[in-house]
Amino acid sequence: MVNERLKALRDFMSIQKIDAFIIPSTDPHQSEYVADHWKLREYFSGFTGSAGTLIVTKDRAALWTDSRYFLQFEEECNTSEVQLHKQSIPLAPEHVAWLCSLLDTETCIGLDFRLFSISQINYLTSHTT
């Protein structure tokens, strides 16, 4: 089911010419525990932990979370293509460096701006441009 959802997301990304999509665990209030409506990361990864960031590219799906959730991720996502990246420092934006190393300079990164603080957006733009 998760792999089918990722395929649908990638189809959308292809139509929109988006090279990568970043999906956090938060809602517009930066809450860690969110209403079902905002559980996009869970929907596209199958991971139900309260913290983590999912990045989907045309050929990869990777999730960053901290040590509280390593075993949970292995149990919940063992049949999906989503790969775990063990976050060494909780809430550190390690996924940004990974994404920058993966993509060319003239790429388009998609996200729902409502789910990011202005400082997170500034951090992303300063590291990806």
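So here's what we get for this one:
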{"item": "ALA61 being of a type in the set (A, V, I, L, M, F, W, C) and under 19 Å from ARG10 (Cα atoms)", "result": "yes"}
{"item": "Residue under evaluation PRO28, criteria (1) touching a residue at least 60 places away in the same chain (Cβ under 8 Å); (2) closer than 22 Å to ALA8 by Cα; (3) open to solvent by 20 Å² or more (accessible area, probe 1.4 Å), criterion not met", "result": "(2)"}
{"item": "Count of residues meeting criterion [free of Cβ contacts under 8 Å to residues at least 40 places away in the same chain, under 15 Å from GLU81 (Cβ atoms) and of a type outside the set (D, E, K, R)] in region 44-61", "result": "2"}
{"item": "Residues satisfying the stated conditions in region 65-82, i.e. open to solvent by less than 10 Å² (accessible area, probe 1.4 Å) and of a type in the set (Val, Ile, Thr)", "result": "THR65, VAL82"}
{"item": "Residues that are open to solvent by 100 Å² or more (accessible area, probe 1.4 Å) and either touching a residue at least 40 places away in the same chain (Cβ under 8 Å) or among the β-branched types (Val, Ile, Thr) (or both), drawn from region 105-121", "result": "THR105, ARG114, ILE118"}
{"item": "Of all residues making up region 37-64, the number that are open to solvent by less than 50 Å² (accessible area, probe 1.4 Å), touching a helix residue (DSSP H, G or I) at 6+ places or on another chain (Cβ under 6 Å) and of a type in the set (Ser, Thr, Tyr)", "result": "1"}
{"item": "Residue within region 8-24 that is over 19 Å from GLY110 (Cβ atoms) and exposed (fewer than 12 other Cβ atoms within 10 Å of the Cβ) present", "result": "no"}
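The values are calculated or read from the model by the stated rules, or taken from the named source; none is laboratory data. The structure presented is a predicted model; accordingly, all values stated were derived computationally and were not measured. No Cβ is skipped: glycine too gets one built from the backbone with ideal geometry, and neighbour counts run over all protein chains shown. The accessibility values were calculated without ligands, DNA or RNA, using every heavy atom of the protein model including side chains. Shrake-Rupley method; radii C 1.70, N 1.55, O 1.52, S 1.80 Å.
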